[in-house]
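Here is the structure we will look at, set down as structure tokens.
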Amino acid sequence: MVRAAAKPVGTSQATAKWGMWAVSAMGVGGVAFHAYGVARMMGRAATPARAMIRVMSALS
């Protein structure tokens, strides 16, 4: 993204767009992993997939 910021105005920012999507996906994955850990600490039988479903439904 640093390289994209240094490009002249008007050039393609496709690389920056892909970088932002990657950062966004990592953020959602991190929130789901945190939800999974919290559910396990609370003694709930949870799976990473179930935690991800909860996070995605909360975001929508």
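The values are calculated or read from the model by the stated rules, or taken from the named source; none is laboratory data. As the structure is a computational prediction, the values presented were derived from the model and not from experiment. Reconstructed Cβ throughout: ideal geometry from the backbone, glycine too, with neighbour counts over all protein chains shown.
Within the stretch 3-16, the residues that satisfy the criterion of being surrounded by 10 or more Cβ atoms within 10 Å (Cβ to Cβ) and in a loop (DSSP other than H, G, I, E, B) are Lys7, Gln13.
Consider the stretch 17-60 and keep the residues that are modelled with pLDDT under 75 and among the polar types (S, T, N, Q). The one that is surrounded by the most Cβ atoms within 10 Å (Cβ to Cβ) is Thr47.
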